[in-house]
Structure formats: structure tokens, C-alpha cells
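Chemist: A single structure is presented below for examination.
The values are calculated or read from the model by the stated rules, or taken from the named source; none is laboratory data. Because the structure is a prediction, the values reported are computed rather than measured. Cβ placement follows ideal geometry from the backbone for every residue including glycine, while neighbour counts extend to all protein chains displayed.
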Amino acid sequence: MQAQAIRLSGDFSLDALTLDTVEVPAPGPGEVLVRMHAVSLNQRDLMLVTGTYIPDVQRPRIPCSDGAGQVLEVGEGVTHLQPGDRVVTSFYQHWVHGLLEHATSRGTLGGDLDGTLTTHALFPQHGLLRIPDRLSYEEASTLPCAAVTAWHALVSTGTVGTSDTVLVLGTGGVSVVGLQIAKLQGARVIVTSSSDEKLARASRMGADATINYKTTPAWDKQVRELTSKQGATHVLETGGAGTLPLSLRSAAYNAQVSIIGLISGAEQAIDIRQILGRNLRVQGITVGSRDMLQQVAETFAKEGVRPVIDQVFPFAHAVEALRSLQAANHFGKIVITFA
């Protein structure tokens with residue numbers, strides 16, 4: 001069958017994206033044909049298109065990793081999905097459970113594989129998860145990267161609880177859902193942003209304290225003031241090189257600092273004493289497994305947590321959606337829907 005897909009076909013830029021007709025074969029053994037209903041955007045999608053994520057990516061390439069849709073057809077040997085099922089994609093198509101390994105690190109949607117910004121696509125059955133009934137296609141599409149990343153950092157490896165203080169940098173997709181997950185776990189949460197309006201929204205969502213990093217550039221000191229000089233026990237470090245030194249200085253003894261984003265760059269000289277002196281655990285978080293996706297989806301459905309969607313664009317305006325992501329004025333997630 002034929003599908004309509006947005007593809008990066010030439011130079012790295014938003015202007016190089018084209019709307020193309022692509023052939024989608026019938027599902028083979030173990031494969032599932034999905035009609036996409038919603039796609040959510042992540043910073044990596046923009047980085048891919050602008051050439052700062054995978055400079056040698058094979059082109060043409062369909063971007064985006066997060067999508068939700070309906071199963072149209074299944075191939076031989078597919079046992080736990082059937083036509084009509086509502087499904088959401090897993091970022092790592094072959095990382096189902098356990099720890100990330102070299103073999104399972106391959107097969108990332110919108111990276112070394114074509115992604116989800118297409119009307120129809122084939123996936124291996126183990127790269128899909130059935131959507132809980134209480135979540136819409138749009139809500140489910142926000143989970144594979146942002147929510148799984150925050151879950152991986154705060155629950156799977158962080159075991160955050162009521163005695164913890166979580167520092168969340170910014171109000172993008174990972175940060176906002178990180179706030180939601182931390183509050184579900186009973187933790188105290190501090191949120192930073194350069195916008196008082198966004199900080200007010202974070203407060204209404206349950207943030208216990210907020211810091212405007214534009215008016216308080218030494219925000220690490222403010223974090224310590226807010227924690228009786230102790231510091232945060234968990235840090236969702238989404239900023240990258242420009243914020244990591246402050247994040248380390250904001251951390252408590254034995255804290256966990258999860259490095260998630262590279263918005264402010266990737267290279268930075270780090271004072272190792274900040275890590276050694278307080279016995280910090282600094283870890284990289286690269287999304288998570290399909291099992292983690294299932295855990296966060298089922299938890300959100302059970303607890304009635306609604307993912308925060310800031311803007312919704314139709315597929316015909318997908319490039320505008322990416323430009324909106326680039327403008328960085330959103331709070332939560334930006335979603336593209338298919339008619």
C-alpha cells in the first residue's frame with residue numbers, strides 16, 4: 001500500500017523536509033501494519049532534522065519516534081496484537097526488558113530506522129504496546145520518549161519516594177512529565193524555568209517550589225536554600241553542558257543526577273570534586289525499554305494522570321509543529337494528528 005510521509009530528503013534543515021508518497025509492504029512474519037493517529041515531538045526530532053543528532057544519518061529518513069495508531073493488519077506469527085487494537089510505539093524497537101545492550105541499542109525510530117511521521121508504518125510486534133483504554137491516541141503518543149525517560153530516571157533507577165526532593169530543569173516534555181511522576185511517588189519537586197507564567201503552571205500542577213533561572217542565575221544556591229542546605233536528592237538534568245555544573249552543585253550527598261538532554265550543548269569541563277566530594281551518582285538516561293513504557297502507561301491510566309499536551313497540529317502542518325518546538329515556548333508536549 002501507499003502512505004504519505006514527511007521525510008528529510010536533502011540538506012539538514014526544516015526546509016529540506018518533503019511530503020512524499022512511500023510504499024509500505026504487507027506485514028511479514030512478526031510484523032504489524034499500523035495506521036498512525038498521533039505523533040508527539042521530541043527535541044531529538046528537531047536535532048535530527050537540523051543535523052546535530054546523527055550527522056551521517058541515511059537519507060531520505062522519516063523523522064520522529066513517538067506515535068500511536070490502530071492495527072490494520074498483522075503478519076504470520078503475531079500473537080498478542082490483532083486488527084483494531086490501539087497501539088503505541090516503543091522508542092527502542094528491540095529493547096523489550098532488562099538492561100540496554102549493544103544489540104538492543106540498534107533500531108531506534110526516527111534515527112537508524114524510519115520514524116512515525118507517516119500515515120502508515122510497519123513495526124515488529126515486540127516494538128508496540130497496546131494502549132490502556134483510559135488514554136487517547138494523542139496522550140499515548142507523548143509517552144515513548146519523554147515519559148519513559150523520566151520514569152527510567154526516577155522510578156526504574158531512582159526509586160524516588162516521599163523522603164526525596166527532585167529538581168526538574170525546564171518545562172519541556174521530559175520535565176513536565178517528570179514533575180507528574182515525582183508527585184505520584186510522593187516526592188517534593190523544585191522546577192526551574194525562565195518564564196514566570198510557566199512556573200505558575202508548574203505550581204498549579206503540584207510543584208512545591210519554583211526558580212526563575214533568568215532572574216536567579218545562581219539557582220543552585222536557591223535550591224540549597226529551599227532544601228535546608230541539603231540539596232536535591234534527584235536531578236533531571238535536561239539542559240546539558242550549560243547547566244550541568246549548577247545541577248551538580250544543587251545535588252545532595254548521595255544524590256542521583258540523571259543526564260537526559262543536550263539543549264545547551266554537549267561539551268563542558270566538569271569539576272570532578274563536585275561528584276567525588278558528595279558521592280554523587282551521575283548517569284546517562286537514554287529513554288528506556290518497552291517494559292518501562294508499559295509500566296508508565298498502566299500507572300498513568302490507573303492513577304488518572306493526563307499527559308500535558310500544549311499544542312496540536314494537523315499532519316498537513318507538521319513542519320509548523322517542528323518550528324514551534326524550535327521556538328521553545330511550549331509547556332509539555334507538541335502533538336501532530338492525522339485526519
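Chemist: Looking at Val166, Val223, Val160, Val174, can you tell me which residue is surrounded by 21 or more Cβ atoms within 10 Å (Cβ to Cβ) and part of a strand (DSSP E or B)? Before you say what the answer is, go through the steps one by one.
Modeler: Numbers: Val223 fails: part of a strand (DSSP E or B); Val160 fails: part of a strand (DSSP E or B); Val174 fails: part of a strand (DSSP E or B).
Being surrounded by 21 or more Cβ atoms within 10 Å (Cβ to Cβ) and part of a strand (DSSP E or B) holds for just one of Val166, Val223, Val160, Val174, which is Val166.
Chemist: Only residues in the stretch 311-339 that are part of a loop (DSSP other than H, G, I, E, B) count as the first member; pair them with residues that are exposed (fewer than 15 other Cβ atoms within 10 Å of the Cβ) and not small (Gly, Ala, Ser), Cβ under 7 angstrom, at least 6 apart or cross-chain, and list the lot.
Modeler: Between residues of the stretch 311-339 that are part of a loop (DSSP other than H, G, I, E, B) and residues that are exposed (fewer than 15 other Cβ atoms within 10 Å of the Cβ) and not small (Gly, Ala, Ser), the close pairs are Ala339/Pro314.
Chemist: Kindly indicate whether Val39 is at pLDDT 95 or above and in contact with a helix residue (DSSP H, G or I) (Cβ under 8 Å, 6 or more places away or on another chain). Reasoning before the result, please.
Modeler: Details: at pLDDT 95 or above: yes; in contact with a helix residue (DSSP H, G or I) (Cβ under 8 Å, 6 or more places away or on another chain): yes.
Answer is yes for this residue.
Chemist: May I ask you to verify whether Pro307 is surrounded by 15 or more Cβ atoms within 10 Å (Cβ to Cβ) and outside the structural domain of Arg204 (by TED's automatic domain parsing)? Spell out the reasoning first.
Modeler: Working: surrounded by 15 or more Cβ atoms within 10 Å (Cβ to Cβ): yes; outside the structural domain of Arg204 (by TED's automatic domain parsing): yes.
Spelling it out, Pro307 is indeed surrounded by 15 or more Cβ atoms within 10 Å (Cβ to Cβ) and outside the structural domain of Arg204 (by TED's automatic domain parsing).
Chemist: Another question, then. Looking at the stretch 188-220 only, could you name the residues that are basic (Lys, Arg), surrounded by 14 or more Cβ atoms within 10 Å (Cβ to Cβ) and part of a helix (DSSP H, G or I)?
Modeler: Our first condition is that a residue be basic (Lys, Arg); within the stretch 188-220, this holds for 188, 198, 201, 204, 214.
In the following step, the residues that additionally are surrounded by 14 or more Cβ atoms within 10 Å (Cβ to Cβ) were identified as 188, 198, 201.
Scanning the stretch 188-220 gives Lys198, Arg201.
Chemist: Follow-up. Suppose the filter is touching a residue at least 40 places away in the same chain (Cβ under 8 Å) and in contact with a helix residue (DSSP H, G or I) (Cβ under 6 Å, 6 or more places away or on another chain); does Ala232 pass it? Please lay out each step first, then the result.
Modeler: On the way: touching a residue at least 40 places away in the same chain (Cβ under 8 Å): yes; in contact with a helix residue (DSSP H, G or I) (Cβ under 6 Å, 6 or more places away or on another chain): yes.
Yes.
Chemist: Out of curiosity, is Pro132 in a loop (DSSP other than H, G, I, E, B) and modelled with pLDDT of 95 or more?
Modeler: Working: in a loop (DSSP other than H, G, I, E, B): yes; modelled with pLDDT of 95 or more: yes.
In short, yes.
Chemist: While we're on this one: Any idea which of (1) touching a Cys at 6+ places or on another chain (Cβ under 9 Å); (2) in a helix (DSSP H, G or I); (3) β-branched (Val, Ile, Thr) is the one Val296 doesn't satisfy?
Modeler: Here Val296 meets the rest and fails (1).
Chemist: Quick one: how many residues across the stretch 282-295 are among the aliphatic types (A, V, I, L, M), crowded, with 19+ Cβ neighbours inside 10 Å and over 12 Å from the mean Cα position of the chain (by Cα)? Show your work before the answer.
Modeler: Taking the stretch 282-295 first, the residues among the aliphatic types (A, V, I, L, M) are 282, 285, 287, 292-293.
Narrowing the set further to residues that are crowded, with 19+ Cβ neighbours inside 10 Å leaves 285, 287, 292-293.
Keeping just the survivors that are over 12 Å from the mean Cα position of the chain (by Cα) gives 292.
Of the residues in that region, 1 qualify.
Chemist: Residue check: is Asn279 surrounded by fewer than 19 Cβ atoms within 10 Å (Cβ to Cβ), part of a strand (DSSP E or B) and not assigned by TED's automatic domain parsing to the domain that holds Val96?
Modeler: Values: surrounded by fewer than 19 Cβ atoms within 10 Å (Cβ to Cβ): yes; part of a strand (DSSP E or B): no; not assigned by TED's automatic domain parsing to the domain that holds Val96: yes.
For Asn279, the condition - surrounded by fewer than 19 Cβ atoms within 10 Å (Cβ to Cβ), part of a strand (DSSP E or B) and not assigned by TED's automatic domain parsing to the domain that holds Val96 - is not met.
Chemist: Also, I was wondering about something else. Would you point out the residue of the stretch 13-70, among those that are of a type in the set (Val, Ile, Thr) and under 22 Å from the mean Cα position of the chain (by Cα), that is nearest to Val177 (Cα to Cα)? Before you say what the answer is, go through the steps one by one.
Modeler: If we filter the stretch 13-70 for residues that are of a type in the set (Val, Ile, Thr), which is where we start, we get 18, 21-22, 24, 32, 34, 39, 49-50, 52, 54, 57, 62.
Imposing the further condition that a residue be under 22 Å from the mean Cα position of the chain (by Cα) reduces the set to 34, 39, 49-50, 52, 54, 57, 62.
On the way: Val34: 26, Val39: 17, Val49: 24, Thr50: 25, Thr52: 25, Ile54: 26, Val57: 29, Ile62: 26 Å.
In this case the residue turns out to be Val39.
Residue by residue, here is whether (1) modelled with pLDDT under 95; (2) in contact with a strand residue (DSSP E or B) (Cβ under 7 Å, 6 or more places away or on another chain); (3) under 28 Å from Gln2 (Cβ atoms); (4) in the same structural domain as Phe331 (by TED's automatic domain parsing) holds:
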| site | (1), (2), (3), (4) |
| --- | --- |
| Ile54 | yes, no, yes, yes |
| Ser65 | no, yes, yes, yes |
| Asp85 | no, yes, yes, yes |
| Gly115 | no, yes, yes, yes |
| His120 | no, yes, yes, yes |
| Gly127 | no, yes, yes, yes |
| His152 | no, no, no, no |
| Leu169 | no, yes, no, no |
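Chemist: Within the stretch 4-38, how many residues are closer than 27 Å to Ile131 by Cα and without any contact (Cβ under 8 Å) to a residue 24 or more places away in the chain?
Modeler: Total meeting the criteria: 1.
Chemist: For the stretch 296-339, enumerate the residues that are over 17 Å from the mean Cα position of the chain (by Cα) and within 17 Å of Met205 (Cβ to Cβ).
Modeler: Glu303, Gly304
Chemist: Any idea how many residues of the stretch 310-333 are in contact with a helix residue (DSSP H, G or I) (Cβ under 7 Å, 6 or more places away or on another chain) and either charged (D, E, K, R) or in the same structural domain as Asn254 (by TED's automatic domain parsing) (or both)?
Modeler: Counting residues in the stretch 310-333 that are in contact with a helix residue (DSSP H, G or I) (Cβ under 7 Å, 6 or more places away or on another chain) and either charged (D, E, K, R) or in the same structural domain as Asn254 (by TED's automatic domain parsing) (or both) gives 2.
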